[in-house]
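The values are calculated or read from the model by the stated rules, or taken from the named source; none is laboratory data. Remember, predicted model here, so these are calculated numbers, not experimental data. Quick reminder, even Gly has a Cβ in these numbers, built from the backbone with ideal geometry, and neighbours come from all protein chains shown.
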Amino acid sequence: MEIRWMEDFLALARTRHFSRAAEQQHVTQPTFSRRIKLLEESMGTTLINRQTLPLSLTPAGELFQELCERTTRDVRDTRDRITALEAEASARISVGSTQGLFSHFYQGWATEAGIAEQLQLNLNATNWVGEQFLDALESGECELVLCYWHSDLPWGQRLDEERFQWLAVAKETLVPVSIADDNGKARFPLPGSAEQPMPLIAYHNRGFLQSAIEGHLARNKLSANLLPLNENTQSSGIKALVKQGFGMGWLPSRMTEKSEQFGRLVRAGDECWDVPLDIRLIRLRDARSEGLLNLWNQLEP
C-alpha cells in the first residue's frame with residue numbers, strides 16, 4: 001500500500017466526490033478511481049459507499065480514515081523533521097582535522113569554544129597528508145582546517161597571508177617516548193650510540209610532524225643515533241608500535257598523558273628533546289559563507 005493511496009482516500013473522504021478529489025490530487029478521474037479500487041482490494045473490503053449522494057464511507061472506511069490521518073500525519077511530521085535536520089547539516093561548517101587532533105583535541109576545544117554545533121567534521125580528512133589539507137581548502141572540500149603547524153614545514157611558505165587566514169588556537173609538544181624496561185626506565189633512551197642506535201618509529205615525511213622533529217634537533221644541535229624502522233602518517237599508528245616495544249617515537253603530549261599515568265609509556269629523553277608546535281585553525285581569506293565569518297569573529301581574540 002502506498003502513502004499516496006491514503007492521501008487519495010482522505011481527499012475523497014473530504015470532498016465525497018470522485019471528480020473533485022481527483023482534481024485535488026492532480027490526476028485524472030479514471031486514474032483516481034483505479035487507485036481507490038486498488039486500495040479497497042488491498043484492504044480486502046469496501047471503503048466507499050457509492051450508492052449514496054454524496055458518497056459516504058462504510059464503517060470500515062471510517063475506521064480506515066482514522067488510520068490514514070494518523071499515518072499521513074506521522075509521515076508528514078517525519079518528513080519535516082528530516083528536512084530540518086538536512087538544512088541544519090548543510091548550514092554547518094565543514095572542518096578537516098588530522099586524526100590525532102580529532103581524537104585528542106578537536107571535541108574538547110570545539111565544545112569549550114562553544115562552536116561544536118556549528119561544525120561538521122569531514123571524515124575524508126583522516127586520509128589526507130600534510131599539504132593535502134590546504135588543497136582541500138582551496139578546492140572547497142572543507143571550509144576550515146585544524147592542524148599542527150611549525151616553522152620547519154617544507155611547504156609552509158604556501159600559507160601566505162593574501163590567500164589564507166589562521167588562528168593559533170593552542171600549543172602542543174611532541175614528547176619522545178618508549179616502553180619501560182624492568183627498572184621503569186626507557187627501553188630505548190635518547191640519544192643512542194653509533195654502536196647501538198635507537199629504533200625509531202617515524203612520521204611520514206609528507207606530514208606535519210617529521211620535519212618539526214628534524215628541524216628541532218638541527219636547530220638545537222642535538223645529535224641522535226636513530227634507526228628508522230617504519231613511517232606512519234598518524235600519531236595513533238606510532239603510539240601503537242611504540243607500545244608494542246618496536247622502538248621509540250615522538251608523540252603529542254595529549255596522547256601520552258594517560259599512558260604515562262598508567263606506566264605504559266615513559267619518556268625516552270628529557271625536555272631538551274621536546275618539540276614545540278602550534279595548533280592552527282586555517283581558512284581561505286575569501287570566506288565562502290557568512291556563517292564562517294561569524295564563527296571566525298567569535299574565535300578571534
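Of the residues in segment 89-102, how many are buried (at least 17 other Cβ atoms within 10 Å of the Cβ) and not in a helix (DSSP H, G or I)?
6
Condition first: assigned to a helix (DSSP H, G or I) and not assigned by TED's automatic domain parsing to the domain that holds residue 153. Can you find one or more residues in segment 283-290 that meet it?
Narrowing segment 283-290 to residues assigned to a helix (DSSP H, G or I): 290.
Subsequent filtering for residues that are not assigned by TED's automatic domain parsing to the domain that holds residue 153 retains 290.
The answer is yes; a qualifying residue exists.
Looking only at segment 47-61, which residues are part of a helix (DSSP H, G or I) and either surrounded by 12 or more Cβ atoms within 10 Å (Cβ to Cβ) or modelled with pLDDT under 90 (or both)? Give the derivation first.
Of all residues in segment 47-61, those part of a helix (DSSP H, G or I) come to 59-61.
Matches in segment 47-61: 60, 61.
So for segment 179-197 (the condition being assigned by TED's automatic domain parsing to the domain that holds residue 280, hydroxyl-bearing (Ser, Thr, Tyr) and crowded, with 16+ Cβ neighbours inside 10 Å), does at least one residue qualify? If you could, list the steps in order and put the result at the bottom.
First, the residues of segment 179-197 that are assigned by TED's automatic domain parsing to the domain that holds residue 280: 179-197.
Of the ones still in play, those that are also hydroxyl-bearing (Ser, Thr, Tyr) are 193.
Next, only the ones that are crowded, with 16+ Cβ neighbours inside 10 Å stay: none.
There is no residue in segment 179-197 that is assigned by TED's automatic domain parsing to the domain that holds residue 280, hydroxyl-bearing (Ser, Thr, Tyr) and crowded, with 16+ Cβ neighbours inside 10 Å.
Evaluate segment 279-292: report whether one residue or more is acidic (Asp, Glu) and touching a residue at least 60 places away in the same chain (Cβ under 8 Å).
Within segment 279-292, the subset acidic (Asp, Glu) is 286, 290.
Among the residues that remain, those that are also touching a residue at least 60 places away in the same chain (Cβ under 8 Å) are: none.
Looking through segment 279-292, none of the residues is acidic (Asp, Glu) and touching a residue at least 60 places away in the same chain (Cβ under 8 Å).
Among the listed residues 32, 64, 105, identify the single one that is in a helix (DSSP H, G or I), among the aromatic types (Phe, Trp, Tyr) and without any contact (Cβ under 8 Å) to a residue 40 or more places away in the chain. Steps first, please.
Details: 64 fails: without any contact (Cβ under 8 Å) to a residue 40 or more places away in the chain; 105 fails: without any contact (Cβ under 8 Å) to a residue 40 or more places away in the chain.
Being in a helix (DSSP H, G or I), among the aromatic types (Phe, Trp, Tyr) and without any contact (Cβ under 8 Å) to a residue 40 or more places away in the chain holds for just one of 32, 64, 105, which is 32.
Looking at this structure, is residue 204 under 26 Å from the mean Cα position of the chain (by Cα) and more than 19 Å from residue 104 (Cα to Cα)?
Considered against the rule, which asks whether it is under 26 Å from the mean Cα position of the chain (by Cα) and more than 19 Å from residue 104 (Cα to Cα), residue 204 comes out as yes.
If residue 222 satisfies every condition in (1) in contact with a Phe, Trp or Tyr (Cβ under 8 Å, 6 or more places away or on another chain); (2) in contact (Cβ under 8 Å) with a residue 40 or more places away in the chain; (3) crowded, with 17+ Cβ neighbours inside 10 Å but one, which is the exception?
Against the list (1) in contact with a Phe, Trp or Tyr (Cβ under 8 Å, 6 or more places away or on another chain); (2) in contact (Cβ under 8 Å) with a residue 40 or more places away in the chain; (3) crowded, with 17+ Cβ neighbours inside 10 Å, residue 222 comes up short only on (3).
Here is a yes/no grid of residues against (1) surrounded by 20 or more Cβ atoms within 10 Å (Cβ to Cβ); (2) touching a residue at least 12 places away in the same chain (Cβ under 8 Å); (3) closer than 28 Å to residue 95 by Cβ:
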site: 200; (1), (2), (3): yes, yes, no
site: 212; (1), (2), (3): yes, yes, yes
site: 230; (1), (2), (3): no, yes, no
site: 246; (1), (2), (3): no, yes, no
site: 252; (1), (2), (3): yes, yes, yes
site: 255; (1), (2), (3): yes, yes, yes
site: 271; (1), (2), (3): no, no, no
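Taking the stated definitions as given, is residue 292 within 30 Å of residue 165 (Cα to Cα), surrounded by 13 or more Cβ atoms within 10 Å (Cβ to Cβ) and within 30 Å of the chain's Cα centre (by Cα)?
Values: within 30 Å of residue 165 (Cα to Cα): yes; surrounded by 13 or more Cβ atoms within 10 Å (Cβ to Cβ): yes; within 30 Å of the chain's Cα centre (by Cα): yes.
So residue 292 passes the test.
Among the residues of segment 130-161, which ones are under 21 Å from residue 206 (Cβ atoms), surrounded by fewer than 15 Cβ atoms within 10 Å (Cβ to Cβ) and either in contact (Cβ under 8 Å) with a residue 60 or more places away in the chain or of a type in the set (A, V, I, L, M) (or both)?
138, 151 - these are the residues of segment 130-161 that are under 21 Å from residue 206 (Cβ atoms), surrounded by fewer than 15 Cβ atoms within 10 Å (Cβ to Cβ) and either in contact (Cβ under 8 Å) with a residue 60 or more places away in the chain or of a type in the set (A, V, I, L, M) (or both).
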